[in-house]
1. Hey, fewest Cβ within 10 Å first, where do GLU40, GLU92 land in order?
2. If Lys and Arg each add +1 and Asp and Glu each add -1, what is the summed charge of the other residues whose beta carbon sits under 11 Å from the beta carbon of SER89?
3. Quick check: residue separation of LEU52 and PHE21 times 0.36 nm, minus the Cα distance between them. What number comes out in nm?
4. Among rounded, prolate and oblate, which fits region 1-83 when a ≥ b ≥ c are the square roots of the eigenvalues of its C-alpha gyration tensor, a/c under 1.5 means rounded, and a/b larger than b/c means prolate?
5. If I model a spin label at GLN30 and GLU97 as a point 7 Å from the Cα along the Cα→Cβ vector, what separation in nanometres do I get?
Amino acid sequence: MDETKVTERYRVIIADDDPIFRSALRLIVQQTCEVVAEAENGQAAIDAAEALHPDIVFLDISMPILDGFQAAAKFRANLSSIRIVMVTSHSEKAFIEQALRSGAQAYVVKGSALVQVPDAIRGSWRADVPGRPASSIRFSSCSVTCRSKLRNITSAANKSCYSP
């Protein structure tokens, strides 16, 4: 696939407990993808994915019933072909590392979603194996692209632009 642009319309599920943010994210995502469902928690996202077989799932971390980390782990265990993009308000290094360990291929901080989501969609497909990160991450006022290894995230987090 050409990494410079999304050449096909991926099928997407958006899971976030905030209906206003879900609507805003839908507007961004549907510019390049087909949004096939929305969910207000991780379990609803898994149920929808089992029925609809999306290519990508956007997960918030802080959701009721099943949070984004738990949902990502279940996706990796049961629906491993689905790419996971975490879209969350948490920018702390520990959250990023846990998201990638849980199986996410990309991580986007909500404040930068408008510019980072298209890169995250492309980046989620750069991972050769499900669970191997290829992520776009925003630290404070700078963007850092981290691929393949968690050590890249640690290195980026240690740069002066990182602010917890």
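Laboratory data are not the source of any read-out in this text; all were calculated from the coordinates shown. Not measured: the values here are computed from a predicted model. All Cβ positions, even for glycine, are placed from backbone atoms using ideal geometry, and neighbour counts span all protein chains on display.
1. Fewest-to-most Cβ neighbours within 10 Å comes out as GLU92, GLU40.
2. On the way: positive: LYS110; negative: ASP16, ASP18, ASP60, GLU92.
Overall, the nearby charge balance is -3.
3. Working: separation 31, 0.36 × 31 = 11.16 nm, distance 2.19 nm.
Here the answer is 9.0 nm.
4. On the way: a/c = 1.98, a/b = 1.28, b/c = 1.54.
It comes out oblate by the Cα gyration axes.
5. 3.9 nm
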